[in-house]
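Coordinate-derived values only; no laboratory data. For clarity, every value in this text was computed on a predicted model and none was experimentally measured. Virtual Cβ from ideal backbone geometry, glycine too; neighbours counted across all protein chains shown.
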Amino acid sequence: MNDLGRLEDLPAVYVQEMRSHNLVPLWPSLRGVLPPKIPTRQTQPTCWAYRDIRPLLIQAGELTPIEKAERRVLVLANPGHGLEKMQASAAIYLGMQLLLPGEWAPSHRHTPNAVRMIVEGEGAYTTVDGEKCPMRRGDLILTPTGLWHEHGHDGTEPVIWLDVLDLPLVYYMEASYHINGERQHVHTEHALQAPTLAAGLAPTPVFARQNKDYPLLRYPWEQARASLLALAETQAADSAVQITYVNPNTGAHVQNILGYYALMLRPGESLQLPARSPACVFHVIEGGMSAAIASNTFTLGEADTCCAPGYTPVTLTNLSEQPTFVFMADESPLHQKLGVYEIRP
Ligand code: 1HN
């Protein structure tokens, strides 16, 4: 590789003259922005243990009333990006949110897309675009760009969930903002229609979300888990038991920027995921596993979360005697749409 000229090689007056006109030379920075063969990644393999998060989150519940927080969240920040950047990867934001019995997180909408993966507790619900979605452990609930959403809690125990947003990307695009709104009028109880739609049946004559960009907002864990177990029965022993959360109208990823998946590791299974360009997040719903990411090996139990940078192979090994169920989020839809998606053999 040839060495390019450095900034220090240039006369200081010349550099100053350029800078005074808001001009800079490319060549001293060219290798930095376009490194050879593999991108520079700030995203570091990082693991967040639920046993560390939970007590601090419960303490946040005592220290900060919901009215002072709007959303009571501890952000899972990747130290490689700097904690204050609140990024798990280039495009992924992760946070653990706590809602206590009787609390209300008021209605707003914003440009970043969000999903919630419910970790713990009963009795909370989120109302998205007028649809009341009960939150139960392992459920995936979508809050797509621009849709009103608010959270409430009629139960008796704390409810905790994992928020995944494409906030870092939307913020970088200078396209991130929110609007506060009034308490929504609930027009649909999700339970009435979701199972029928998932079965390819739409309530007649009216199904409120049928022609919307986001027809399904709640993906119950019960169904995802049953699908994985059924898939494991027929899938060859050497191929992954994995499902993608899709839009039932189009078969495409549920959101435009991040992709969401559920994976089952069979007892004794070790799954090698090839190096791919998008960064990826793993969150254990049930069971336990090790995740070998570059030179790091993390041990994850239930509700633990880790992330892998792009272009990095990952090996997941089931450490439980039972199937281990894993929720995954990645930057694939973004990479695919932008034409930079790669799998490296
Ligand atoms: C947000 O609106 C929620 O609605 C959670 O629960 C986390 C993180 C950044 C920006 C908006 C929510 C968020 C967020």
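Points worth noting:
- Within segment 76-95, being buried (at least 19 other Cβ atoms within 10 Å of the Cβ) and in contact with a strand residue (DSSP E or B) (Cβ under 8 Å, 6 or more places away or on another chain) holds for Leu76, Asn78, Met86, Gln87, Ala88, Ser89, Ile92, Tyr93, Leu94, Gly95.
The rows are residues; the columns are (1) free of Cβ contacts under 8 Å to residues at least 12 places away in the same chain; (2) within 11 Å of the ligand (Cβ to nearest atom); (3) of a type in the set (Lys, Arg); (4) over 18 Å from Gln255 (Cα atoms).
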| residue | (1), (2), (3), (4) |
| --- | --- |
| Ala90 | no, no, no, no |
| Gly95 | no, yes, no, yes |
| Leu99 | no, yes, no, yes |
| Gly102 | no, no, no, yes |
| Ala105 | no, yes, no, yes |
| Gly121 | no, no, no, yes |
| Asp139 | no, no, no, no |
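- Total residues in segment 245-287, condition assigned to a loop (DSSP other than H, G, I, E, B), surrounded by 17 or more Cβ atoms within 10 Å (Cβ to Cβ) and under 13 Å from the mean Cα position of the chain (by Cα): 7
- Test: residue in segment 166-174 that is touching a helix residue (DSSP H, G or I) at 6+ places or on another chain (Cβ under 8 Å), part of a loop (DSSP other than H, G, I, E, B), over 15 Å from Gly95 (Cβ atoms) and more than 14 Å from the ligand (Cβ to nearest atom): no
- Only a single item in (1) within 16 Å of the ligand (Cβ to nearest atom); (2) part of a loop (DSSP other than H, G, I, E, B) is not met by Lys37, and it is number (1).
- Residue match in segment 43-56 (condition: more than 24 Å from Thr297 (Cα to Cα) and either of a type in the set (Lys, Arg) or surrounded by 15 or more Cβ atoms within 10 Å (Cβ to Cβ) (or both)): no
- Selection from segment 112-165 of residues that are charged (D, E, K, R), in a strand (DSSP E or B), out of contact with any His (no Cβ under 7 Å at 6 or more places or on another chain) and farther than 17 Å from Leu57 by Cα: Glu150
- Across segment 272-285, the number of residues qualifying as aliphatic (A, V, I, L, M) and more than 14 Å from Ser320 (Cα to Cα) comes to 4.
- The residue that is nearest to the chain's Cα centre (by Cα), among those in segment 294-331 that are under 23 Å from His253 (Cβ atoms) and among the aliphatic types (A, V, I, L, M), is Ala329.
- Among residues of segment 233-250 that are of a type in the set (A, V, I, L, M, F, W, C), those with a Cβ under 8 angstrom from a residue that is part of a loop (DSSP other than H, G, I, E, B) and surrounded by 10 or more Cβ atoms within 10 Å (Cβ to Cβ), sequence gap 6+ or separate chain, pair up as Ala237/Arg266; Val241/Gln235; Val241/Arg266; Val246/Ala252; Val246/Val254.
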